[in-house]
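See below for the structure under consideration.
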Amino acid sequence: MREMSTPTLELASAEAIARYEPVIGLEVHVQLATVTKIFCGCPTSFGAPPNTNVCPVCLGLPGALPVLSKDAVELAVKAALALNCQIRSQSRFARKNYFYPDLPKGYQISQYDEPLAEHGWVDIRIDGQTKRLGVTRVHMEDDAGKSIHDGFKDSDLYTYVDLNRCGTPLIEIVSEPDMRSADEAYAYLTELKQMLQFVEVSTCDMEKGHLRCDANVSVRPKGAANFGTKAEVKNVNSFRFVKIALEYEIARQVALIESGGEVAQETRLFNPDTGETVGMRSKEHAHDYRYFPEPDLAPLRISDAWLDQIRATLPELPAQKRQRFVESFGLRDYDAQVVTLTRATADYYETVAAVSGDARAAANWVMGELTGALNAEGKAIEESPVSARQLGELVALIRGGEISNKLAKEIFPKMLASGESAPAIMEREGLKQISDSGALEKIVDDAIAASPKQVEQYKSGKTAVLGYLVGQVMKASRGQANPGSVNELLRKKLC
């Protein structure tokens with residue numbers, strides 16, 4: 001590997017960039033949510049002391065033989081089905097040979113010319129339109145270990161190797177070069193992560209390395225048929241950084257071409273501190289890895305019966321849920337996006353909607369009060385003290401006219417604090433809504449007497465001031481007055 005030196009280059013202007021079309025493809029590595037590694041029984045748990053989750057197989061010791069995990073295969077097939085891929089009835093593992101300090105075998109067990117699945121697609125929403133992006137292949141492989149650089153001590157750089165991650169099951173999802181902007185790449189990654197989490201293939205926790213992305217990007221003059229020379233940006237660890245890295249790389253390549261230079265085919269790294277990519281090494285080609293069939297593993301055969309069995313475990317996918325929530329529940333596109341951000345959120349919302357009988361109000365409460373309260377406490381929706389059924393009961397009380405929205409917002413924090421249902425809190429604290437005109441009359445009379453200026457304005461034709469008077473009544477009744485009854489009573493008395 002040779003270090004690439006790149007002279008300082010002023011980035012291209014927006015006007016120059018507009019004359020070119022980016023061509024982007026992504027390679028996403030996803031750690032499968034298995035309990036054990038792909039070819040041995042070592043645990044995949046994160047955070048164990050260094051070099052403790054290891055055995056002769058994942059250490060690559062002589063004579064140790066790999067045994068393929070059935071759980072890993074099923075999760076990989078599940079992911080491929082969610083990505084609309086065609087599953088091959090037979091796939092084969094291969095050795096991908098390269099040297100690195102954290103790869104004790106000297107090779108990675110991957111798949112090459114016979115991958116698990118091919119020819120899939122992902123739909124994204126961009127600028128209000130749906131765009132279909134191709135997925136070239138999904139293949140299985142084992143992960144390497146991790147090199148930890150400890151910084152300079154006495155002018156020396158110390159590097160430690162932790163092999164706990166060796167043998168962790170991965171899938172690599174390779175897209176077609178169908179993306180034409182950094183925004184499209186961001187939308188693709190967001191949809192991909194959500195889909196994989198929904199089908200419970202992976203947690204996709206980027207902080208733990210469960211999802212890592214390499215981006216291939218080139219530019220060409222608009223209208224040109226041939227692709228430009230691509231650069232690969234390796235191991236970007238957040239979607240936001242992927243977007244920034246792509247925007248920088250597009251501007252860098254356009255500037256090179258506009259200045260009469262050429263784009264080098266190379267591997268680059270993204271520096272999150274500067275927002276720039278820097279050259280790391282000349283681009284490797286597949287033949288550099290000297291692939292050959294893995295002699296210790298038989299071909300993987302997926303029967304139709306096994307495939308049907310895995311397919312039957314797939315839940316409704318995020319895009320299908322969003323469409324159903326828009327068409328059946330009358331949600332706006334944005335609201336449907338928010339309540340399906342995770343499978344747990346979608347399931348919670350759907351229960352609230354069913355119990356309350358008011359799908360739109362249910363969405364507002366889940367997106368508003370509930371999410372705000374949980375975020376303030378740093379809790380996920382799975383940890384909510386208020387169950388979906390309890391929140392649905394609260395929304396149903398508003399819908400049935402038994403409590404006002406204002407009173408519901410007073411009851412909700414009490415539900416969060418105690419875990420009790422709304423009816424139980426109302427019974428204990430006497431928070432029933434006042435609808436009887438006789439009980440409301442004195443409160444209304446007091447509000448009228450205390451607001452002579454507003455009463456005069458109302459009688460002179462400024463009817464909008466009625467809202468102020470309603471507010472005074474609601475305040476005096478601690479939100480327990482029925483707003484409809486208050487409006488009716490005020491109009492009658494102010495005639």
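The values are calculated or read from the model by the stated rules, or taken from the named source; none is laboratory data. Note that the coordinates shown come from a computational prediction; the quantities given were computed from them, not determined experimentally. Please note: Cβ atoms are built from the backbone with ideal geometry, for glycine as well, and neighbour counts cover all protein chains shown.
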Does region 208-228 include one or more residues that are closer than 30 Å to Thr342 by Cβ, among the acidic types (Asp, Glu) and in contact with a strand residue (DSSP E or B) (Cβ under 9 Å, 6 or more places away or on another chain)?
yes
Check Val470, Val486 and return the single one that is touching a helix residue (DSSP H, G or I) at 6+ places or on another chain (Cβ under 6 Å), modelled with pLDDT under 80, surrounded by fewer than 20 Cβ atoms within 10 Å (Cβ to Cβ) and part of a helix (DSSP H, G or I).
Val470
Unique residue being surrounded by 17 or more Cβ atoms within 10 Å (Cβ to Cβ), in the same structural domain as Gln90 (by TED's automatic domain parsing) and out of contact with any Phe, Trp or Tyr (no Cβ under 7 Å at 6 or more places or on another chain) when the list is Ala298, Ala346, Ala264, Ala255:
Ala255
Might you let me know whether region 245-263 holds any residue that is β-branched (Val, Ile, Thr), within 24 Å of the chain's Cα centre (by Cα) and modelled with pLDDT of 95 or more?
no
Those residues of region 274-288 which are at pLDDT below 70 and of a type in the set (Asp, Glu), in sequence order:
Glu284
Do we have Ala417 as out of contact with any Lys or Arg (no Cβ under 9 Å at 6 or more places or on another chain), modelled with pLDDT of 80 or more, aliphatic (A, V, I, L, M) and part of a helix (DSSP H, G or I) here?
yes
Given the criteria among the polar types (S, T, N, Q) and in contact with a helix residue (DSSP H, G or I) (Cβ under 8 Å, 6 or more places away or on another chain), does Thr351 qualify?
yes
Evaluate region 124-133: report whether one residue or more is touching a residue at least 60 places away in the same chain (Cβ under 8 Å), among the charged types (D, E, K, R) and surrounded by fewer than 18 Cβ atoms within 10 Å (Cβ to Cβ).
yes
Within region 196-214, residues assigned to a strand (DSSP E or B) and either more than 11 Å from Phe239 (Cβ to Cβ) or not assigned by TED's automatic domain parsing to the domain that holds Val28 (or both) come out as Arg212, Asp214
From the list Val366, Val395, Val352, which one is hydrophobic (A, V, I, L, M, F, W, C), assigned to a helix (DSSP H, G or I) and either in contact with a Gly (Cβ under 7 Å, 6 or more places away or on another chain) or surrounded by fewer than 19 Cβ atoms within 10 Å (Cβ to Cβ) (or both)?
Val352
Search result, residues across region 375-392 that are on the phi < 0 side of the Ramachandran plot and outside any helix (DSSP H, G or I):
Lys379, Ala380, Ser384, Pro385, Val386, Ser387
Taking region 456-483, which residues are touching a residue at least 12 places away in the same chain (Cβ under 8 Å) and farther than 30 Å from Glu429 by Cα?
Tyr458, Lys459
Where residues in region 12-40 are assigned to a loop (DSSP other than H, G, I, E, B) and surrounded by fewer than 16 Cβ atoms within 10 Å (Cβ to Cβ), which of them is modelled with the lowest pLDDT?
Ser13
Identify all residues within region 433-459 that are acidic (Asp, Glu) and at pLDDT 75 or above; write none if there are none.
Glu441, Asp445, Asp446, Glu456
Output the strands (runs of 3 or more DSSP E) that fall wholly within region 229-313 and possess 2 or more residues being over 26 Å from Ala80 (Cα atoms), or say none.
266-271, 276-282
Quick check: is even one residue across region 138-145 surrounded by fewer than 22 Cβ atoms within 10 Å (Cβ to Cβ), of a type outside the set (S, T, N, Q) and more than 22 Å from Gly41 (Cβ to Cβ)?
no
Filter pass, Val465 being outside the structural domain of Glu410 (by TED's automatic domain parsing), out of contact with any Pro (no Cβ under 6 Å at 6 or more places or on another chain), at pLDDT below 80 and closer than 25 Å to Leu397 by Cα:
no
Would you kindly identify the strands (runs of 3 or more DSSP E) lying entirely within region 135-195 that contain at least 3 residues that are more than 21 Å from the chain's Cα centre (by Cα)?
146-153, 156-162
Has region 296-309 got any residue that is hydroxyl-bearing (Ser, Thr, Tyr), at pLDDT 95 or above and under 26 Å from Asn405 (Cβ atoms)?
no
Restricting to region 55-86, what's the tally of residues that are crowded, with 20+ Cβ neighbours inside 10 Å and aliphatic (A, V, I, L, M)?
11
Among (1) among the β-branched types (Val, Ile, Thr); (2) at pLDDT 80 or above; (3) exposed (fewer than 13 other Cβ atoms within 10 Å of the Cβ), which single condition is Ile403 missing?
(3)
